[in-house]
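Student: To start, I am sharing the structure in question, which I have written as structure tokens.
Every number here is computed from the coordinates shown, using simple stated rules; none is lab data. Quantities reported herein were computed from a predicted structural model and do not represent experimental measurements. Ideal geometry is used to build each Cβ from the backbone, glycine not excepted, and the neighbour counts take in all protein chains shown.
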Amino acid sequence: MVLPTVLRAPAAPPPRYAPLSRKKKRASAGYVLTVLAFLLPSAIPLTLFVLGPMVAAAWISFTEWNLITPMEFIGWENYRSLLADERTGQVFLHTIGYIAGYLPLVYIGGLALALALNQALKGRSFWRGIYFLPVVTSWIAVAIVWRWLLNPNNGVVNLALGWFGIDGPGWWTDPDWAMVSIILASSWKDLGFVMVILLAGLQTINPDLYDAAKVDGAGAWKRFFNVTLPMLSPSTFFVIVISLINGFQVFDQVYAMTGGGPGGSTQVVVQQIYDLTFRYGAAGEASALSWLLFIVILAVTVIQIIGQKRWVHYG
Amino acid sequence: MAKSPRTRPRSIVLHVVVIAGAIAMFFPFLWTFITSITPGAGFSIAPQLWPENPSFEAYQTLFTERPFGRVVANSIGLALVTTLAQLFTSATAAYAFSRLPFRGRGVVFAVYLATMMIPLQVLIVPLFAELKAFGLLDTYLGALLPTFASAFGIFLLRQAVNQVPRELDEAAKLDGAGHFRVFTQIIIPNIRPALATLTVFAFMSSWNAFLWPLVVLRSPELQTLPIALAGLQGQYTTAWDVVMAGSIVSILPMLALYIFAQKYIIQGVASSGIK
């Protein structure tokens, strides 16, 4: 698919030299006002409520602060104590555990769906619509619905397992199964999202490639591994990048399903940030942890962007 | 695609698998609804696929014992204001980034896009402090202000404005139109599909927003659906019919929106993947 921006030369490139000469500047006061009138409605909120707080968070992370009494500058102390605290490692491990369960499930499921729903099929857009439905519902509703589906007592999943004589686990009430429950609910919600991204990718694959592969005698599996997967790699890349960014920030469904429990078994990074701020009055430490999280997300994303050369095929 | 007899069984299997999967995907919604009309569903009563004495009393509980009427109105009001604000701030910014060249525009646009990368969690503490200083904690305005501009919306609309032929601007300018007239009379009518996509996305994300409203809106009468829903779960730990009725109240408007705007939602998601 072609992005029109790529085709269009940027309007009026600034002159290479003599940017200091004031005479060259055509911008009249009226034009400046016009630009400001169009730009300020977005620039003011973005500055006040995103960029400003971002810088402030960095400052707060070097202070001790309970949101009420004045801040006290303590240097790197928050970072030092976070890195020394074994709970920090645990909350990152729980978050990574969530991603490790969620991502393969949602990608393989979404890919299977995209492949199936890319075939000639009666009522295809209706079925796509059904699979996409959970995407538009809120995480809180999803978490609560799944708490009920996976309820150890009278939950429909354990009732159904009972018909086969299986004694269902305690799901979100059991430290060993709580994260599994969150992963199941999250995958159900996001399956349709991944499906739509991959379907859009599948539709850009040139059918001639399949014909050429057939002429070369490639069977269905070979065509899948040698044509579909490589040609789909930009979409796969996007799904993985987005899933990791969102996965590290997992919160809503954890808050509503387990609140980090039982026994801290699903305490993820953002739940810890929330608890530090609003439960333990340690806003400075929370800011430091949120910056650590941001740096981790940034590093993971940058590594993927660098690493994509090895496996993502554009074109 | 020519249908040879050989592909028939394969096609039947495909249909069966897709339909079975769709039923499994839809089942949680159905079960939620069934539970909500099964009085006393929960610890002692398991809902049946076909409830014996269906009743809407759980919904009554929501709207009489709990302030759900107010909560629904809050959610609708906040979502409408957020949507209108984002349409305005995104369209104006998109016009500037597409049609108003100025020095440093590329850098400003890059900074705008970078704000998409910043996780909300990093902003929570300073935002909380900032709105506290403004005296806006526990007010609608406090919940609304940080949602007024969206980098995603600006990006989406800029793509659309770029696709409007410049000849249209030039023709209008020859007729003596300034930038404001070009914007309102040429650009806006020509980017309607993108505006529709942004409308749906802004409304949806406001309707489903959780972390920020949870932090800023503390009074029960100001809360939005996701917050009230999370609270409901704490209050009615065993009355699953009431909790599920709350879920249905929260889900239903989105399903309705989805049915009417499916095209725009799927386009929006799909286009976000093509970069």
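Student: Could you state, as a whole-number percent, how many of the C-alpha pairs of region A:145-237 are farther apart than 22 Å? Show your work: numbers first, answer last.
Tutor: On the way: 2260 of 4278 pairs.
Distances greater than 22 Å cover 53 percent of the Cα pairs.
Student: Let me ask something else about it. Please give the net charge around residue B:122, taking every other residue with its beta carbon less than 15 angstrom from that of residue B:122, where Lys and Arg add +1 and Asp and Glu add -1. Working shown, then result.
Tutor: Values: positive: none; negative: A:285, B:130.
Result for the neighbourhood of residue B:122: -2.
Student: Can you bin every Cα-Cα distance in region A:178-224 into 10 Å intervals starting at zero and give me the percent of pairs per bin, rounded to whole numbers?
Tutor: 22, 28, 24, 19, 6, 0
Student: Using Cα pairs under 8 angstrom and six or more residues apart, how large is the relative contact order of chain A, in percent? Don't skip to the answer; put the middle values down first.
Tutor: Details: 316 pairs, mean separation 78.7, N = 315.
About 25 percent, as a whole number.
Student: Also, I was wondering about something else. How far, in degrees from 0 to 90, does helix B:68-99 lean away from the longest principal axis of the Cα atoms of chain B, to the nearest 10?
Tutor: 20 degrees
Student: Work out, step by step, the length gained on full extension between residue B:46 and residue B:65: first 0.36 nm times the residue separation, then minus their alpha carbon distance; give nm to one decimal. Intermediate values should be presented prior to the final figure.
Tutor: On the way: separation 19, 0.36 × 19 = 6.84 nm, distance 2.38 nm.
Using 0.36 nm per residue and subtracting the Cα-Cα distance, I get 4.5 nm.
Student: Loop by DSSP (not H, G, I, E, B), at most 16 other beta-carbon atoms within 10 Å: where is the longest site-free stretch of chain A for trypsin sites (Lys or Arg not before Pro)? All intermediate terms of the calculation are to be shown ahead of the outcome.
Tutor: On the way: sites that count: A:8, A:16, A:25, A:26, A:122, A:279.
After excluding every exposed loop site, the longest remaining stretch is A:123-278.
Student: Here's something else I'd like to know. Over 10 Å intervals from 0, what percent of Cα-Cα pairs in region B:7-57 sits in each interval?
Tutor: 24, 34, 20, 16, 7, 0
Student: A further question on this structure: For region A:129-187 and region A:254-283, what is the centre-to-centre distance using only Cα atoms, to the nearest Å?
Tutor: Computed from Cα coordinates, the inter-centre distance equals 21 Å.
Student: Continuing with the same structure: At 7 Å along the Cα-to-beta-carbon direction for both residue A:204 and residue B:110, put a label point, then send me their distance in nm to one decimal.
Tutor: Result: 2.4 nm between the two label points.
Student: Once you have a ≥ b ≥ c as the square roots of the Cα gyration tensor eigenvalues for region A:125-284, tell me rounded if a/c is under 1.5, and otherwise prolate or oblate according to whether a/b is larger than b/c.
Tutor: On the way: a/c = 2.71, a/b = 1.71, b/c = 1.58.
Prolate, since a/c reaches 1.5 and a/b exceeds b/c.
Student: Please return the longest range in chain B lying between exposed loop sites, taking GluC sites (Glu not before Pro), DSSP loop only, at most 12 other beta-carbon atoms within 10 Å, and leaving the sites out.
Tutor: Numbers: sites that count: B:52, B:65.
Counting only loop sites that pass the neighbour cut-off, the longest clear stretch is B:66-275.
Student: Does the protein assembly as shown come out rounded, prolate or oblate, given a ≥ b ≥ c as the square roots of the eigenvalues of its C-alpha gyration tensor, rounded meaning a/c under 1.5 and, failing that, prolate meaning a/b above b/c? Spell out each step's value before the answer.
Tutor: Details: a/c = 1.57, a/b = 1.16, b/c = 1.35.
Cα axes put the protein assembly as shown in the oblate bin.
Student: In nm, what is the difference between 0.36 nm times the number of residues separating residue A:160 and residue A:246 and their Cα-Cα distance? Don't skip to the end; give the middle numbers.
Tutor: Details: separation 86, 0.36 × 86 = 30.96 nm, distance 3.19 nm.
Residue separation times 0.36 nm, minus the Cα-Cα distance, leaves 27.8 nm.
Student: Using 0.36 nm times the number of residues separating residue A:305 and residue A:28, minus their current alpha carbon distance, what extension gain do you get?
Tutor: On the way: separation 277, 0.36 × 277 = 99.72 nm, distance 4.17 nm.
Separation in residues times 0.36 nm, less the Cα-Cα distance, equals 95.6 nm.
Student: Sticking with this one: For the protein assembly as shown, what does -39500 (n - 2.57) per DSSP helix run (n ≥ 4), summed and divided by total residues, give at 222 nm, in deg cm²/dmol to the nearest 500? It would help to have the intermediate numbers written out before the result.
Tutor: Details: 27 runs with 389 residues, N = 590.
After summing the helix terms and dividing by residue count, I get -21500 deg cm²/dmol.
Student: Which listed residue (B:45, B:244, B:81) has the Cα farthest towards the positive end of the charge dipole for the protein assembly as shown, taking +1 on Lys and Arg C-beta and -1 on Asp and Glu C-beta about the Cα centre?
Tutor: With unit charges placed on the Cβ atoms, the residue in question is B:81.
Student: Here is a follow-up. Please label the shape of chain A as rounded, prolate or oblate, based on the square roots a ≥ b ≥ c of the eigenvalues of the alpha-carbon gyration tensor (a/c under 1.5 means rounded; beyond that, a/b larger than b/c means prolate, else oblate). Working shown, then result.
Tutor: Values: a/c = 2.11, a/b = 1.07, b/c = 1.98.
It is oblate, given that a/c is not under 1.5 and a/b is not larger than b/c.
Student: Right, another one. Give the residue list of trypsin sites (Lys or Arg not before Pro) in region B:95-147 that are DSSP loop and have at most 14 other beta-carbon atoms within 10 angstrom. Provide the component values of the computation, followed by the final result.
Tutor: Working: sites: B:99, B:103, B:105, B:132; in loops: B:103.
Filter output for region B:95-147: B:103.
Student: May I ask for the longest run of chain A untouched by chymotrypsin sites (Phe, Trp or Tyr not before Pro) that are loop-located per DSSP and have at most 16 neighbouring C-beta atoms (other than their own) within 10 Å? Mind showing how you got there, number by number?
Tutor: On the way: sites that count: A:17, A:76, A:164, A:280, A:314.
So the longest stretch without any such site is A:165-279.
Student: Shifting gears a bit: Please give me, ordered by residue number, the chymotrypsin sites (Phe, Trp or Tyr not before Pro) of region B:48-135 that lie in loop per DSSP and have at most 15 other Cβ atoms within 10 Å.
Tutor: Within region B:48-135, the qualifying chymotrypsin sites (Phe, Trp or Tyr not before Pro) (loop, at most 15 other Cβ atoms within 10 Å) are B:56, B:134.
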